[in-house]
Structures are given as structure tokens and as C-alpha cells.
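As C-alpha cells, the structure follows; a few thoughts come after it.
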Amino acid sequence: MLIVYWIVVAAVLAAVAAVAAGQMGWLQGKAPTDLGVRDGRLKPPSATENSVTSQAALYPDHPQRNYADIAPLALRGDGPATLARIRAIVERMDGAHVIRSDPDYLYAQFTTRLMKFVDDVEFWFDPANNVIQVRSASRVGRGDMGVNRKRIEAVRAALDATP
């Protein structure tokens, strides 16, 4: 019985330490320096299951190509108008902070409340394909429990619901 007590105590202490580390910013990871559009592409998907991108097909040999694949967003008007709508949607989402907003590109960071994990999210008006390309990736960890996909799908649903 005493061993169970110590296991519970250890688990509680580990949880408290993890939350404290998050609140102190130790779980944020470093902001990527290679975001943005280069040669008509957003950054490739992460090497682990913690990102989604509408350009996964551009990386046929990537180990996470199938996991990371998500459809681009359809235009609602022209590219700049659609990105303005997306910005308004993103700004209303929990933990969102718009870092860069241009007529053809939007970059936002999403921070979780408790652990302060940060995800980097990009939207780019791709004039060659007439869509909004997307990428959403966690900075740390090997998985995201589907959070990045759910976020992009929430943006898609809100965009589709706007007049």
C-alpha cells in the first residue's frame, strides 16, 4: 500500500512540475526562422506527426506526407479578401496571436493556456492554384493529438460560414 502512495505522490509532483515548466515558458520551443513562402512553397511538414500542410503532395518522399496532408482553403472572393476573413477568424480563436499579416500571407502563433505550447500557423494565397495554402505545426513534441488538423478545419468551417 505504501508503494501506491509514493507512486501517486510522484505522479502528482511530475504533473505540477510539468505545468510549472509550461507556465515559465520552457515548453514553447523556438520560433522557426524558415517560415514564409519560398519558391511557391510553405515549409515542409514536420518529421513527426505534429503538423498538417496543404502542400504535402510536394514532398512525395516525406515520412509524414500522408499524416500531414490536408486540403487547401477555397477562396471567398479574391486572395487578399479571403486572407482578411481568415485573419478575423484567427483573431477570435483561443490563444491566437497574429505575427505577420500581408495581402497574400498570414502567420499566427497559437499558445495553449495551461502548458504554453506554441503552434505556428501559416496561410498563403497561392495565385497559381487560386487557393489558400495552409500549414500548421507544433514546435515541440512528436504528436499533436490532431490539434493542428482540427484548427485548420475550424478555420475552414468558419470561412465557409461567412457570407
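For residue 43, a cut-off of 21 angstrom between C-alpha atoms picks up these lysines, skipping any fewer than 8 places away in its own chain: 30, 150.
Grab the DSSP H runs of the chain that are 4 residues or longer, score each as -39,500 (n - 2.57), total them, divide by all residues and round the 222 nm result to the nearest 500 deg cm²/dmol. Mind showing how you got there, number by number?
On the way: 4 runs with 54 residues, N = 163.
Using -39500 (n - 2.57) per qualifying helix, the result is -10500 deg cm²/dmol.
Dipole size of the chain about its Cα centre, with +1 on Lys/Arg Cβ and -1 on Asp/Glu Cβ: approximately 320 debye, rounded to the nearest 20. FRET efficiency for the pair residue 39 and residue 140, taken as 1/(1 + (r/R0)^6) with r the Cβ-Cβ distance and R0 = 30 Å, rounds to 0.65. Calculated over the range 72-163, the projected area of the Cα convex hull averaged across directions stands at 5.8 nm².
Taking 107, 59, 67 as the candidate residues, the one with maximal mean-square fluctuation in a Gaussian network model of the chain, Cα springs under 10 Å, is 59. Available extension along the chain between residue 31 and residue 66 is 10.1 nm, counting 0.36 nm per residue and deducting the alpha carbon span.
Extension gain, residue 130 to residue 78: 0.36 nm times the residue separation minus the Cα-Cα distance gives 17.9 nm. Normalised per residue, the accessible area of the range 28-163 is 51 Å², obtained with a 1.4 Å probe and no contribution from ligands, DNA or RNA.
Across the range 124-139, coupling constants 3J(HN,Hα) worked out from phi with the 6.51/-1.76/1.60 Karplus curve, θ = phi - 60°, read 9, 6, 9, x, 5, 10, 6, 9, 9, 7, 10, 8, 9, 9, 7, 7 Hz, and Gly and Pro carry x. Stokes-Einstein diffusion coefficient for the chain at 10 °C in a medium of 1.306 mPa s, Rh from the Kirkwood formula over Cα pairs: what value in µm²/s? Translational D for this selection: 94 µm²/s.
Considering only protein heavy atoms and a 1.4 Å probe, what is the carbon-and-sulfur percentage of the accessible area of the range 65-112?
Values: 1170 of 2470 Å².
Ligands and nucleic acids excluded, carbon and sulfur give 47 percent.
If you run the Gaussian network model on the chain, springs between alpha carbon atoms under 10 Å, then out of 73, 83, 58 the most flexible one is 58. Full extension of the chain between residue 48 and residue 2 gives 12.6 nm of extra length, using 0.36 nm per residue less the Cα-Cα distance.
The values are calculated or read from the model by the stated rules, or taken from the named source; none is laboratory data. As the structure is a prediction and not an experimental result, all values here were calculated from the model. Reconstructed Cβ throughout: ideal geometry from the backbone, glycine too, with neighbour counts over all protein chains shown. Ligands, DNA and RNA are excluded from the accessible area calculation, which covers all protein heavy atoms including side chains. Shrake-Rupley method; radii C 1.70, N 1.55, O 1.52, S 1.80 Å.
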